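Take a look at the structure below.
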Amino acid sequence: MLETIKQTSDYLKSKIGEIPNTAIILGTGLGELVHEIDDKKEISYTEIPNFPVSTVEGHSGKLIIGTLGGKKVLAMQGRFHYYEGYDMKQVTFPIRVFQALGIEYLFVSNAAGGMNPSFDIGDIMLIEDHINMFPEHPLHGKNFNELGTRFPDMSEAYDKNLRLKAMEIAREKNIKLQHGVYVGVQGPTFETPAEYNFFRVIGGDAVGMSTVPEVIVANHAKMKVLAFSIITDLGVIGKIVEVSHEDVQEAAKIAQPKMAEIMRTIIQRI
Ligand code: HPA
């Protein structure tokens, strides 16, 4: 595993030049943030040694290097979902490569169903914490001390200073920002009403099929994480309607300029 990570990070080092300190993972329907990245260089996942290839619609699968908010960033357009059939080591492999590159900050976005009754479709939720409901843990198995400790602390999985900055920026720019707990599930089914209710009862505000594995590995790697969910549908009893992947993509598209604005500004300021 260490050798595989090194091979990939060496390849990227040879392509990227100066290594940024920030990486961004763009979720479903949120890929348009890449249009705001200047002086872009794109590397398709198919060209990167050992990188899995993304298959889901709405994820084109490339790494983008460029500047956002005047700072150099590395962005993943398309991520690897557990429901696609990858194992957790594959899902989180890019995070290990970021770690090997020396990335300090990880910004993550996703589309999620909102269970908090005060949420509306199109809201942005700042993730304060998560509940891991995936059936497999990304750190299962042998621990490599070079990568992190056996029993990582998760008391502040989403960096508090970054969260405070995000809230400050949202206030300044008059962007409505919700906050709450993200429940990570394997999918690929959306939830039944009883499941949405269950996730609400156990303390969740939004539910989605990603983010938690990457954030766990980023914490193992001691990166500072900031993550946002775009609320694309509601899992609120009485408001639940049929939902499709297309609906999720549409709703995410509408909210993404606001999320991009927060991300760009925070990157400028760190
Ligand atoms: N559930 C799970 N994943 C999702 C949802 C949802 O309601 N919306 C977008 N991704």
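The values are calculated or read from the model by the stated rules, or taken from the named source; none is laboratory data. For clarity, every value in this text was computed on a predicted model and none was experimentally measured. Here the Cβ is made from the backbone with ideal geometry for all residues, glycine too, and neighbour counts use every protein chain on show. In case anyone asks, the SASA skips ligands and DNA or RNA and just uses the protein heavy atoms, side chains included. Shrake-Rupley method; radii C 1.70, N 1.55, O 1.52, S 1.80 Å.
Structure notes:
- Rounded Å value of the spacing that divides the Cα centres of the stretch 181-202 and the stretch 210-270: 16 Å
- The angle separating the long axis of helix 2-16 from the principal Cα axis of greatest extent in the chain is about 80 degrees.
- Directionally averaged projected area (convex hull, Cα atoms, the stretch 2-269), nm²: 13.0 nm²
- An ellipsoid equivalent to the stretch 168-254, defined through the eigenvalues of its Cα gyration tensor, has semi-axes of 23, 19, 13 Å when rounded to whole angstrom and sorted largest first.
- Carbon + sulfur, % of accessible area of the stretch 2-269 - ligands and nucleic acids excluded, 1.4 Å: 50 percent
- Radius 14 Å from Cβ of Val236, net charge of other residues (Lys, Arg +1; Asp, Glu -1): -4
- Under the convention that each Lys and Arg Cβ holds +1 and each Asp and Glu Cβ holds -1, the size of the dipole of the stretch 2-269 around its Cα centre is about 860 debye.
- Selected from Met263, Ile127, Ser109, residue furthest toward positive end of dipole (the chain; charges at beta carbon): Met263
- FRET efficiency, 1/(1 + (r/R0)^6) with R0 30 Å, evaluated for Asn174 and Val241 via beta carbons: 0.55
- Restraint check, Lys6/Lys142; Lys40/Lys89; Lys41/Lys71; Lys222/Lys258; Lys15/Lys258; Lys165/Lys239, Cα-Cα greater than 24 Å: Lys40/Lys89; Lys222/Lys258; Lys15/Lys258; Lys165/Lys239
- Among Phe107, Phe134, Phe144, residue whose mean-square fluctuation peaks in a GNM of the chain (springs only between Cα atoms under 10 Å): Phe144
- The relative contact order of the stretch 108-210 comes to 47 percent, based on Cα pairs under 8 Å that sit 6 or more residues apart.
- Heavy-atom surface of the chain, accessible at 1.4 Å and reported per residue (Å²): 42 Å²
- Taking the average, over residues, of other Cβ atoms within 10 Å as the packing measure, peptides 241-248, 166-173, 81-88, 20-27 rank 20-27, 81-88, 166-173, 241-248 from highest down.
- Cα-based convex hull, the stretch 1-151, per residue volume (Å³, whole number): 137 Å³
- For q = 0.22, 0.30, 0.31 Å⁻¹, Debye-computed log10 I/I(0) when each Cα of the stretch 1-47 counts as one equal scatterer: -1.04, -1.28, -1.28
- Helix-only CD estimate at 222 nm, as mean residue ellipticity for the chain, using -39500 (n - 2.57) per DSSP H run (n ≥ 4): -9500 deg cm²/dmol
- Highest-first arrangement of 116-122, 254-260, 181-187, where packing means the average Cβ count within 10 Å: 181-187, 254-260, 116-122
- The stretch 60-117 and the stretch 118-154: distance between their alpha carbon centers, rounded to Å: 13 Å
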